[in-house]
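**Student:** Handing you a structure now.
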Amino acid sequence: MPSIDNFYLSLHLLSIHLSYFAFFSAFIAAIAYLIQDASLKSRKLHPLLMRMPDLSFLDKWNYSSIGLGFPVLTMAIISGSLWLNDTTGSFWQWNPRALYSLVLWLTYAVILHVRLSSKIRGRKVAFLSIVAFLIIIFTFFSNCNF
């Protein structure tokens, strides 16, 4: 039975929740971006949409949230591995949650790389952010024992 009185477990739980909060913030910014973008393209501005931030602000908000969440997610994965090693003697287990966490980490790494290297912004990054957050939801509910 893994120990729950462990520094690495506490660090893992704190960092995973902080990273998920940052990625939720990016998800909200991405949805707002797509709604605002569609509204501007259709030229039908609802009064509530006129109060939303402009597209460049929403894009920066999305990018900043991912930029904050990614290193914290990295810390969560590392601290989870260290906790697992302390309790089982192994740094990795091939279970669904661990694999989905790796896929999640790679997805956000790709988003950051694409955003930084090829200067892709806006709708494509917003869409990728939404897909990545759906992976978080899938990861969260994978292998649950309710």
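The values are calculated or read from the model by the stated rules, or taken from the named source; none is laboratory data. Here the structure is a predicted model, which means the values were calculated and not measured. Quick reminder, even Gly has a Cβ in these numbers, built from the backbone with ideal geometry, and neighbours come from all protein chains shown.
**Student:** For region 118-129, give me each residue that is among the hydrophobic types (A, V, I, L, M, F, W, C) and either assigned to a helix (DSSP H, G or I) or modelled with pLDDT of 85 or more (or both).
**Tutor:** VAL125, ALA126, PHE127, LEU128
**Student:** Do we have any residue at all in region 58-72 that's in contact (Cβ under 8 Å) with a residue 60 or more places away in the chain, in contact with a helix residue (DSSP H, G or I) (Cβ under 9 Å, 6 or more places away or on another chain) and over 24 Å from PHE21 (Cβ atoms)?
**Tutor:** Within region 58-72, not a single residue is in contact (Cβ under 8 Å) with a residue 60 or more places away in the chain, in contact with a helix residue (DSSP H, G or I) (Cβ under 9 Å, 6 or more places away or on another chain) and over 24 Å from PHE21 (Cβ atoms).
**Student:** When both residues are 6+ apart or on different chains and their Cβ atoms are under 9 Å apart, which pairs have a first residue that lies in region 5-17 and is buried (at least 19 other Cβ atoms within 10 Å of the Cβ), and a second that is outside any helix (DSSP H, G or I)?
**Tutor:** Within 9 Å, the pairs are LEU9/PRO2; LEU9/SER3; HIS12/ASN6.
**Student:** Please go through (1) polar (S, T, N, Q); (2) more than 23 Å from SER142 (Cα to Cα); (3) surrounded by 13 or more Cβ atoms within 10 Å (Cβ to Cβ); (4) free of Cβ contacts under 8 Å to residues at least 12 places away in the same chain for SER117 and return the number of the only condition it doesn't satisfy.
**Tutor:** (3) is the only condition that SER117 fails.
**Student:** Let me ask you something else. Return the residues of region 82-102 that are farther than 21 Å from ILE137 by Cα and not acidic (Asp, Glu); say none if nothing qualifies.
**Tutor:** The answer is LEU82, TRP83, LEU84, ASN85, THR87, THR88, GLY89, SER90, PHE91, TRP92.
**Student:** Only one residue in ALA38, ALA29, ALA132 is assigned to a helix (DSSP H, G or I), surrounded by fewer than 16 Cβ atoms within 10 Å (Cβ to Cβ) and hydrophobic (A, V, I, L, M, F, W, C), so which one is that?
**Tutor:** So the residue among ALA38, ALA29, ALA132 that is assigned to a helix (DSSP H, G or I), surrounded by fewer than 16 Cβ atoms within 10 Å (Cβ to Cβ) and hydrophobic (A, V, I, L, M, F, W, C) is ALA38.
**Student:** Could you tell me whether MET50 is over 20 Å from ALA30 (Cα atoms), assigned to a helix (DSSP H, G or I) and of a type in the set (A, V, I, L, M, F, W, C)?
**Tutor:** Numbers: over 20 Å from ALA30 (Cα atoms): no; assigned to a helix (DSSP H, G or I): yes; of a type in the set (A, V, I, L, M, F, W, C): yes.
No; evaluated as a whole, the condition is false for this residue.
**Student:** Within region 82-101, take every residue that is part of a helix (DSSP H, G or I) and of a type in the set (Ser, Thr, Tyr) and give me the one that is farthest from PHE7 (Cα to Cα).
**Tutor:** Checked region 82-101; the qualifying residue farthest from PHE7 (Cα to Cα) is TYR100.
**Student:** Turning to a different aspect of this structure: Any residue that is touching a His at 6+ places or on another chain (Cβ under 6 Å) and of a type in the set (Gly, Ala, Ser) - is there at least one of those in region 78-97?
**Tutor:** Narrowing region 78-97 to residues touching a His at 6+ places or on another chain (Cβ under 6 Å): 79-80, 83.
Okay, now just the ones that are also of a type in the set (Gly, Ala, Ser), so 79-80.
Scanning region 78-97, I find at least one residue that is touching a His at 6+ places or on another chain (Cβ under 6 Å) and of a type in the set (Gly, Ala, Ser), so the answer is yes.
**Student:** Confirm whether LEU55 is surrounded by 17 or more Cβ atoms within 10 Å (Cβ to Cβ), in contact (Cβ under 8 Å) with a residue 24 or more places away in the chain and more than 15 Å from the chain's Cα centre (by Cα).
**Tutor:** Yes.
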